[in-house]
Structure formats: structure tokens, C-alpha cells
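All remarks here apply to the structure that follows.
The values are calculated or read from the model by the stated rules, or taken from the named source; none is laboratory data. All values reported here derive from a predicted model rather than from experimental measurement. Note: ideal-geometry Cβ built from the backbone for every residue, glycine included; neighbour counts use all protein chains shown. With ligands, DNA and RNA removed, areas are computed over all heavy atoms of the protein, side chains included. Shrake-Rupley method; radii C 1.70, N 1.55, O 1.52, S 1.80 Å.
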Amino acid sequence: MTPDDMKSPTTPTDDARGPKPSGAHPYVRRVFLAATATVSAFVVVVAAIVMGGYLWASASIPTIPELPSSATGSTGPQDIAGKCDERACNYLLLGSDSRKGLTPEELIAFGTDAHIGGENRSDTIILVHTRPDQRKVVFVSFPRDLWVDIPGMGEGKINSAFEGGVNGGGPQRVARTIRNISGMQIHHVLYVNLLGFQRVVDALGGVDMCVPYPMEDPLTLLDIPAGCQHFDGRTALAYVRTRHQPCDTVPDFARISRQQQFLRAVIAKLLQPGELLKLQDLIPQLLGNLVVDEGLNPAELVYLAGLLKDVGTENADFRALPTVPEGIYDSDGTFVSIVRAVQPDADELLRRIREGKPLGDLGQELAQTPPSPANIVVSIVNRDGSPVATNVFDILTEGGFNTSPGIDLTEIQPPTKGAMILFAPGAEPMAKVVGTYFGNLELVPAPPGTLPRGQDVAVVVSGRYQIPPPNTNEPVECPN
């Protein structure tokens, strides 16, 4: 969320980066690190924050108060269990749209709480399903405009389930709504408001991100150039909230894609040597920005982080509930844009998650929306040991792609000479997204058997390849 006079923190760094040393391919070493620890990063971060805070000053962690079932209309199991099962644990991450603590400039752009009806809503809803027994983690995003039956409220958009806030039963009601939809018990809830999100990102030292096009959005105060740059908390908040970019055919879906992309980039940052060790010193800055359920046990998170420490990237999934946009008229005749779950795909995705079954391609893409970089598995094929491969890897990693180790040319033979973007059968939409970062590369279908199973795209580079400068204009063609 960068106003015009704050562009200095977001200066592109592609050219400043310069060529990196050749030799033992440092990008492969970095990818190996990501492949062995990526999905545990989220849990490690939460564990470090909560466990450290517990030892430092446990009473200062804001918590969601326990409410009697009569307060939220619950008639079934507890809305928030407070303790994980033996085989699985479900964390509900909520982003509240509360304007509390924002600057006057931000309030002008975002509107005050009164402008949004006096009620706070959870515009970001992510179910994190962890299975330590299988070393798997799935992040499932629920569109904020999903039309559902909200217990105690009736039909409405799922983000309205949060109305009433912490003391009014909001988190519990959202947890119950997600439990009813997914068939999964919610064990823990963590949420943050707009200001809290900014402060958490700033406390972490910001996040390096690469974006393919310049972006502006006066509604979120986003104003960034294309290329690789450093996001502070305000910029990060503007980026994950924007939903009015040129290719945002379905705004809610486009925002989910960018949120998943951002999460991948955050994980990549936290996996850099020494980053996790810094968290202990950051605890005082982080404590006041997270709100968690009273049953959250720090020791439980530390144990879970230990179980997940060897999980590979291939077992980290970012999904979204399969949905399609629709419109309805409310009781006073006003047209309302909503999204509805696509059946049977939505139920099948949730069933497979519950039962620990392979997810296939369910929930990887949303209607009329390019694939999220977080769901695109990309490898770098270095033809001749060129140092440019390291820069390509950095751009993809900071672009929120699911980067994976380079492939030995004894295993893969590109069909033609030179640099290119190879894509597996059915993965051309993914290749187009990768191509937005490397506009001077041709997209080439990979011959059968060329790419290993599970690889969507491979960027092939050589010593002659030069990364193009960042775009200065909005996209002419959307990568749908």
C-alpha cells in the first residue's frame, strides 16, 4: 500500500542484483533448502512466536474468549476444539477488515468501520490442514463472497459470519461455518486486522516480491513498479488486498491468487539462513498483533513443527474451494455479486483432504483466473552452467512460485536449442504465467516424457540468455 511519495522502498532490484557466482550452482542449494522445509515454515513461525511469547510474557497474547454455545447458537461440537487430534490438526486463519489504528490517509482510502456498516468481516479465510502422520499441509482459501448458510444468521456471504467481532462470537461462528462446510473440526483460530498485518510484516523485516507488471489501486493505496522489490507492511497489505487489476476478471478470485503467491514468498524469506533465529528477538513486536484461541498450546505447535521439519515442497498444497461467480437479488431488489461452490468438486476436494487422499488438480485454479504462482511447480534447466540461472531462480522464488531443484540435462533434453519455457501437457496456462516474468522466452510444449512427473514448467536458460527489463506498462494480454 504505497502512496506516491513512498516509492523508494519498492525500487526494482533486478539490475542491482548482478550476476551471481557460478560453480556449484548456488540456486540448487537454495532450492534444496526450500524443498526440505517449506511447508513447516508456517508452523515454525507460529510456534516460535507463540512459544517464545509464552515463555516471555504469556499473559500478553490477545486471545479469543470462550463463549457459551447459547451466545453463538451452536448446538453441535465445540466451535474451536482447542486441542489437536492425533492424526490431523486444523488451523483457521482469519484476516479481519477492521480499520482500527489506521492512519487518516488509509481511512480516506479504505473507509472507516462506520463506512463498511459498523461491523467487521473476515475477508481472508484460510483453513490450514496439517497431517503430521503423512507430513502434509494443505492451505485452503474460501472466497469471501461464498454464499453459505451461516449458523444463527441464515444465508449470506461467508465473510459476514465474523460480524460481532471477538466478543460477539465472530471467530467461533466462522469456525462453525467452516466446520459445517468442510466436515473438519477446527482446532485453533488465529486472526489479525489490517493494522496488525502491516505490523507483522514490518516486524519480519518486510518481504521481497517480484511482480510482472506495474500495479496501481487507489482503493488500497497500491502503487508499485514491475520487477523485484521490497514490500514493507503497508505495501504488502495493499498487494494482498487489491482486486482491481486489469486482468482481475473475478476480483475475489484474483485476490486469493495473490494472497497464495504472497504466502509462498514469505515462506521463501523465512527459509533463508538465520531468519527463523531472528524471530525470538521479534516476539515483543509480534505479540500484540496476533489474536488466538485460548486453547492454543505453544508446546503443541513446537511438537508439530518438529514433525513437519522434513516435509518437502511436493507435499505443500495451496488450494481454493472450487467456486463460480454468480449474482442474486436481495429482499429489497438490490443485485448482489456472490460465488457458489461448484459441486461435486468442492465436496470431493474437502473429502480428500479429510481422508488424507491425493488431491489431484482439484482447487488449483479458479474460474476466469490465471493459475496462482503458488500452484505452479517450476524448475530451472541450466544448459551450460550460466550464472543467469541463479537470477532466474530468485525471480521465480520471490515471485511466489513453487520452485524446485534444477534438472540434470542427462534426464531432460529440450526439443530445440537456446532458452525457452517448456510446459507439460495441460500446463500451458501455467507457462503463460511464468512467461509474464520472461517475455522474451518462447513457450514450447514439452515432448512426452521430457518433464518429470509433478513438474509443470521448466525455464531453460543458457549463457547467452538475458533477463528482460521489468515491464513499464500494464499487460496487453491476460495469461488466462
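Quick check: anything in region 211-222 open to solvent by less than 10 Å² (accessible area, probe 1.4 Å) and touching a Pro at 6+ places or on another chain (Cβ under 8 Å)? Checking region 211-222: not a single residue is open to solvent by less than 10 Å² (accessible area, probe 1.4 Å) and touching a Pro at 6+ places or on another chain (Cβ under 8 Å).
Applying the set (1) within 21 Å of the chain's Cα centre (by Cα); (2) open to solvent by less than 20 Å² (accessible area, probe 1.4 Å) to residue 480 leaves exactly one unmet item: (2). Cβ-Cβ contacts under 6 Å between residues 6 or more apart (or on different chains), taken from a first residue in region 122-149 that is touching a residue at least 24 places away in the same chain (Cβ under 8 Å) to a second residue that is open to solvent by 10 Å² or more (accessible area, probe 1.4 Å) and in a loop (DSSP other than H, G, I, E, B), are listed as 123/97; 123/144; 131/88; 131/356; 133/87; 134/356.
Filtered by the rule that a residue be closer than 17 Å to residue 179 by Cβ and in contact with a strand residue (DSSP E or B) (Cβ under 9 Å, 6 or more places away or on another chain), region 145-154 gives 146, 148, 149, 150. Annotation note: of 377, 336, the sole residue that is open to solvent by 10 Å² or more (accessible area, probe 1.4 Å) and over 22 Å from residue 455 (Cβ atoms) is 336. The strands (runs of 3 or more DSSP E) found wholly in region 161-221 and carrying at least 1 residues that are on the phi < 0 side of the Ramachandran plot, touching a helix residue (DSSP H, G or I) at 6+ places or on another chain (Cβ under 7 Å) and among the hydroxyl-bearing types (Ser, Thr, Tyr) occupy 188-192. Scanning region 435-448 for residues that are among the hydrophobic types (A, V, I, L, M, F, W, C) and out of contact with any Phe, Trp or Tyr (no Cβ under 7 Å at 6 or more places or on another chain) yields a count of 3. When restricted to residues that are touching a Phe, Trp or Tyr at 6+ places or on another chain (Cβ under 9 Å) and part of a loop (DSSP other than H, G, I, E, B), region 247-266 contains 1. Taking region 125-151 as the range and being more than 27 Å from residue 85 (Cα to Cα) and either touching a Ser or Thr at 6+ places or on another chain (Cβ under 6 Å) or open to solvent by less than 20 Å² (accessible area, probe 1.4 Å) (or both) as the test, the residues that pass are 145, 146.
Whenever a residue of region 454-480 is within 14 Å of residue 214 (Cα to Cα), its partners that are assigned to a loop (DSSP other than H, G, I, E, B) and of a type in the set (Phe, Trp, Tyr), lying with C-beta atoms within less than 6 angstrom and at least six residues away or across chains, give the pairs 471/213; 474/213; 475/213. Check region 161-182 and report whether any residue there is closer than 30 Å to residue 355 by Cα, surrounded by fewer than 20 Cβ atoms within 10 Å (Cβ to Cβ) and out of contact with any strand residue (DSSP E or B) (no Cβ under 6 Å at 6 or more places or on another chain). Taking every residue of region 161-182 in turn, at least one turns out to be closer than 30 Å to residue 355 by Cα, surrounded by fewer than 20 Cβ atoms within 10 Å (Cβ to Cβ) and out of contact with any strand residue (DSSP E or B) (no Cβ under 6 Å at 6 or more places or on another chain).
Hey, any hits in region 347-368 for a residue that's open to solvent by less than 40 Å² (accessible area, probe 1.4 Å) and in a strand (DSSP E or B)? Can you show your working first?
We begin by selecting, within region 347-368, every residue open to solvent by less than 40 Å² (accessible area, probe 1.4 Å); these are 349-350, 353, 356, 359, 362-363, 366-367.
Filter once more, keeping what is in a strand (DSSP E or B): none.
No, that holds for no residue.
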